[in-house]
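**Student:** The structure's right below; bear with me while I get my questions together.
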Amino acid sequence: MEELRLVLLYVHLIGFALLLGGAATQYLSGRLRINPAMLWGSVIQLLTGVGLAAPLRGGEDEEPAPAKLAVKAVIALMIFAMVFFSRKRADVNRGHFLAIGGLTLVNAAVAIFWR
Ligand code: HEM
């Protein structure tokens, strides 16, 4: 089980890199649109997040708080919806784009600081 959790966490961090890195690169290019790295990153975060939310730690005290997981799931679903339904648009609003990056940073902060 520990091996599975570590593999899921590894892929979860790759998804995070794709989502945040895709958004940062796109933002710095000056053209605000959804790129494939952002789309795949948001999908990977949802899939690996659900896997990591499973009781893989062999002990109730070791599992993350259900409220933390619920908050992360809601934020990740918001990110996915904002990425998925705008993926074909040539340009998206600045607020929409920054919200995707901002919510990604919020979800990483929830992961790290909510203990
Ligand atoms: C955009 C979406 C997401 C981002 C940016 C994100 C970010 C992160 C980061 C940076 C970590 C590593 C922190 C650490 O190891 O202490 C992490 C771990 C974790 N994430 Fe996410 N996450 C996202 C979505 C989700 C979702 C949807 C879930 C499930 C509801 C989830 C559940 C977890 C769990 C359980 C861990 C801890 C893994 C462990 O140590 O066993 N994440 N996340």
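**Student:** Compute, for the chain, the length of the dipole vector about the Cα centre, with Cβ point charges of +1 (Lys, Arg) and -1 (Asp, Glu) only. Units Debye, rounded to 20. Mind showing how you got there, number by number?
**Tutor:** Numbers: 11 positive and 7 negative charges, 149 e Å.
I would put it at about 720 debye.
**Student:** Using label points projected 7 Å from each Cα along Cα→Cβ, tell me how many nm separate ALA54 and ALA17, to one decimal.
**Tutor:** 2.4 nm
**Student:** Which whole-number percentage describes the relative contact order of the range 35-115, with Cα contacts under 8 Å and a sequence gap of 6 or more? The partial results should precede the final answer.
**Tutor:** Details: 39 pairs, mean separation 30.5, N = 81.
For the range 35-115, the relative contact order is 38 percent.
**Student:** While we're here: Sort all Cα-Cα distances of the chain into consecutive 10 angstrom bins from zero, then give the percent of pairs in each bin up to the one containing the longest distance.
**Tutor:** Result, from short to long distances: 14, 46, 27, 11, 2 percent.
**Student:** Compute the angle between helix 66-84 and the longest alpha-carbon principal axis of the chain, please, reported from 0 to 90 degrees and rounded to the nearest 10.
**Tutor:** Orientation of helix 66-84: about 20 degrees from the principal axis.
**Student:** Per 0.36 nm of contour for each residue apart, how much would the distance between ARG115 and LYS88 grow if the chain were fully extended, relative to their Cα-Cα spacing? Kindly include the intermediate steps, with their values, before the conclusion.
**Tutor:** Details: separation 27, 0.36 × 27 = 9.72 nm, distance 3.79 nm.
Full extension of this stretch gives 5.9 nm more.
Quick note: the coordinates plus some simple rules give every number you see, no bench work behind them. Just so it is clear, the structure is predicted and the values come from calculations on it, not from any experiment. Reconstructed Cβ throughout: ideal geometry from the backbone, glycine too, with neighbour counts over all protein chains shown.
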